[in-house]
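Below: one structure, written as structure tokens.
The values are calculated or read from the model by the stated rules, or taken from the named source; none is laboratory data. Source: prediction; values computed, not measured. All Cβ positions, even for glycine, are placed from backbone atoms using ideal geometry, and neighbour counts span all protein chains on display. What goes into the accessible areas is simple: the full protein's heavy atoms, side chains included, and nothing from ligands, DNA or RNA. Shrake-Rupley method; radii C 1.70, N 1.55, O 1.52, S 1.80 Å.
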Amino acid sequence: MLNFTVGPVQMSESVCRLGADQVPYFRTPEFSQVMLENERMLLELASAPAGSRAVFLTASSTGAMEASVMNTLSAADRALVVDGGSFGHRFVQLLEIHGIPHEVITLAPGESLRTEHLAPYEGAGITAFLINADETSTGTFYDMGLVADFCAREDAFFIVDAVSAFLTDAVPMDELGIDVLITGSQKALAVPPGVSVVALAPRGLDRVAASGVRCMYFNLADALKNGERGQTPFTPAVGILLQVNQRLRDLVEAGGTQAELKRAAALAADFRERIQGMPFTLLSESPANGVTALAVGEGISAKELFSRLKDEHGIWICPNGGELAETVFRVGHMGALTPADNEALVTALGQVLSALEAGE
Ligand SMILES: *Cc1c(COP(=O)(O)O)cnc(C)c1O
């Protein structure tokens, strides 16, 4: 299987090998050591400011989004959230469910965020800002500098869902003044699904400490306290956390975030170059490095492209859901993929398109 979906993604051999091992008992000094290392390496790769902490939740990334909302925001906030696709919309739903007053900036699929979208909220008492750095459903990487400046001017608490942007596009916590950075195991981290991460800068930690959240499993103060000794309140996804450890070590050894960002950008550019002349157009005005969303030409079904690549070539691209299901597909550039893999995909795409044209 060659995996170009947006998660789970293609995993390295070193990560796959670990998946075949027995899973050890975890209330041990050895596992605590692994967890302390995971936290340290994750914060380093996220360029987190001094005094930051990270918790690893055994939950998909939506769990980390919900935990962030519940543990750092309250009815006293006035949040501003960007809804430019299904993941932005998820933040809106979470704010609604948890009773956080909020305003929504709604963008068309693939539309970039611009100064004029923020203008109505200047000096309007916004206390928190939520955004998906890369809106994975449309492959759009938002202008994070624009948002960071807004948050600094308005003194707004800054929550960034970097589930697909972490390690593919630049989201340095220190430079951008990010208070909460969210990511997950099965996207650019390229290990199996099941673990998500909430990285908290000092201001995020202050909000968690003051929150008094009424929830047992998603109590971040409890997770942080246990994390001081490299442990978790409840049984974590031990096997996946060992794979996270391997992957983080591999990343650090290969030159850290800068080297990985360069690799991701080159891989995305290589793919976009190879599909020149094919009947596809980029959906996004500001394409992310982690994923390319493509609108298909007249008479082509995106869903059928997905099925035929999977069934006839063993290559998985990512179908879109909802309204875009027939017209848009996505190609991920996350995980252990190479330009040679891009070549294999584009060759197969060409064959499927020819077959479709010939009515086969
Ligand atoms: C994948 C993803 C999520 C979370 O998805 P889960 O299915 O809960 O892991 C959240 N935000 C973004 C931007 C994503 O790409």
How large is the accessible surface per residue of the stretch 13-253, computed with a 1.4 Å probe and reported in Å² as a whole number? 38 Å²
Relative to the first principal axis of the alpha-carbon coordinates of the chain, what is the inclination of helix 302-313, with its axis defined by its Cα atoms, in degrees from 0 to 90 and to the nearest 10? 80 degrees
In whole Hz and in residue order, list the ³J(HN,Hα) couplings for the stretch 49-58 that follow from phi through the Karplus curve 6.51 cos²θ - 1.76 cosθ + 1.60, θ = phi - 60°; x for Gly and Pro. x, 3, x, 7, 9, 9, 10, 9, 9, 8
If you put +1 on each Lys and Arg Cβ and -1 on each Asp and Glu Cβ, how big is the dipole of the chain around its Cα centre, in Debye rounded to 20? 960 debye
Against the longest alpha carbon principal axis of the chain, how many degrees, from 0 to 90 and to the nearest 10, is the axis of helix 61-72 turned? 30 degrees
The relative contact order of the chain, taking Cα pairs under 8 Å that sit 6 or more residues apart, comes to a percentage of 25 percent
Report, in degrees rounded to the nearest 10, the 0 to 90 angle that the Cα long axis of helix 256-274 makes with the longest principal axis of the chain. 20 degrees
Using the per-residue mean of other Cβ atoms lying within 10 Å as a proxy for protection, in what order, highest first, do the peptides 159-165, 193-199 fall? 159-165, 193-199
What's the magnitude of the charge dipole for the stretch 174-232 around its Cα centre, counting Lys and Arg as +1 and Asp and Glu as -1 at the beta-carbon? Answer in Debye, nearest 20. 240 debye
DSSP beta bridges in the chain: the antiparallel percent, rounded to 5, is 55 percent
For the stretch 1-84, which semi-axes, largest first and in whole Å, follow from the square roots of 5 times the eigenvalues of its Cα gyration tensor? 29, 21, 14
19 Å Cα-Cα reach of Lys262 towards lysines, excluding residues that sit fewer than 8 places from it in its own chain: Lys187
For the chain, the Debye formula with one identical point scatterer on each Cα and no solvent gives log10 I(q)/I(0) at q = 0.08, 0.13 Å⁻¹ as -0.39, -1.01
Solvent-accessible area per residue for the stretch 256-357 (1.4 angstrom probe, square angstrom): 44 Å²
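Checking the a/c ratio against 1.5 first, then a/b against b/c, what shape does the Cα gyration tensor give for the stretch 256-357? Can you show the working numbers first?
Numbers: a/c = 1.87, a/b = 1.49, b/c = 1.25.
Prolate shape, in that a/c is at least 1.5 and a/b is the bigger ratio.
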Ranked by accessible surface with a 1.4 Å probe, highest first, in what order do Arg272, Arg153, Arg78 come? Arg153, Arg78, Arg272
Search the structure for amide H atoms under 5 Å from the amide H of Phe157, placed 1.01 Å from N in the peptide plane, and list their residues when 5 or more places away or on another chain. Ala128, Phe129
With the dipole of the chain worked out from charges on the C-beta (+1 for Lys and Arg, -1 for Asp and Glu) around the Cα centre, which of Gln246, Leu294, Phe166 lies farthest toward the positive end? Gln246
Go through Glu298, Glu304 and list them by solvent-accessible area, largest first, probe radius 1.4 Å. Glu298, Glu304
Heavy-atom accessible area ranking, 1.4 Å probe, most first, across Tyr142, Tyr25, Tyr217: Tyr25, Tyr217, Tyr142
I'd like to know which of Pro279, Tyr121, Ser12 lies farthest towards the positive end of the charge dipole of the chain, counting +1 on Cβ of Lys and Arg and -1 on Cβ of Asp and Glu. Ser12
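Can you compute the FRET efficiency between Leu356 and Ala269 using 1/(1 + (r/R0)^6), with r the Cβ-Cβ distance and R0 = 25 Å? Round to the nearest 0.05.
On the way: r = 27 Å, r/R0 = 1.08.
That gives a FRET efficiency of 0.40.
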In the stretch 187-270, which trypsin sites (Lys or Arg not before Pro) fall in coil by DSSP and have 14 or fewer other Cβ atoms within 10 Å? Arg214, Arg229
Return the long-range amide H neighbours of Val291 (sequence gap of 5 or more, or a different chain), with a cut-off of under 5 Å between placed amide H atoms. His333
Once the dipole of the chain is set up with Lys and Arg at +1 and Asp and Glu at -1 on Cβ about the Cα centre, which of Leu43, Phe234, Met70 lies farthest towards its positive end? Phe234
Whenever you get a sec, compute what percent of the accessible area on the chain sits on carbon and sulfur atoms (1.4 Å probe). 53 percent
Any chance you could run the full-extension gain for Arg214 through Asp155? It's 0.36 nm times the residue separation minus the Cα-Cα distance, nm to one decimal. 18.6 nm
Show me, for the stretch 350-360, the HN-Hα J-couplings you get by feeding each phi into the Karplus relation (A = 6.51, B = -1.76, C = 1.60, θ = phi - 60°), rounded to Hz, glycine and proline as x. x, 5, 5, 4, 5, 4, 4, 5, 7, x, 8
